[in-house]
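The values are calculated or read from the model by the stated rules, or taken from the named source; none is laboratory data. Given the structure is predicted, the values throughout are model-derived calculations rather than measurements. As a convention, Cβ positions derive from the backbone with ideal geometry for all residues, glycine included, and neighbour counts pool all protein chains shown.
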Amino acid sequence: MAILEPVKLAGSTISKTTLHNEDFIKEKGLKIGDHVIIQKAGDVIPEVVECVKDKRTGEEKDFEMPETCPVCGAPAIRENNEAIRRCIGIECPARNLRNIVHFASKAGMEIEGLRICCNRKFT
């Protein structure tokens, strides 16, 4: 996710936008601290179109995906042909919660009436 200085765009104030994955960041040549051009995809979702390279000051930093899980510290690996990194920690609280959420989801067991709150901070 990109955290932006708030800007008005088509009637909305935009301060965050998705960066999809590591490949997207590299494809666009984005660096931490860049000026970017954004647009609303489908008139709704803000997206980064490109960075403005001639506004770079030299203080921008390359973005590197973390090699370890920020929750449990286990290795975060990227499998061949996959766009994302995954924690491989078997006791990772975040991973375990997501497994429970999936289990109870429509794609999993489709348990009607079960409501799970995922806005929990892990320590």
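Here are the numbers for this structure:
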{"item": "Yes/no for GLY108 being surrounded by fewer than 10 Cβ atoms within 10 Å (Cβ to Cβ), among the small types (Gly, Ala, Ser) and at pLDDT below 90", "result": "no"}
{"item": "Members of region 83-102 found to be surrounded by 12 or more Cβ atoms within 10 Å (Cβ to Cβ) and either aromatic (Phe, Trp, Tyr) or within 19 Å of ASN21 (Cβ to Cβ) (or both), listed by number", "result": "ILE84, ARG85, ARG86, CYS87, ILE88, ALA94, ARG95, ARG98"}
{"item": "Residue in region 22-44 that is within 30 Å of CYS92 (Cβ to Cβ) and in contact with a helix residue (DSSP H, G or I) (Cβ under 7 Å, 6 or more places away or on another chain) present", "result": "no"}
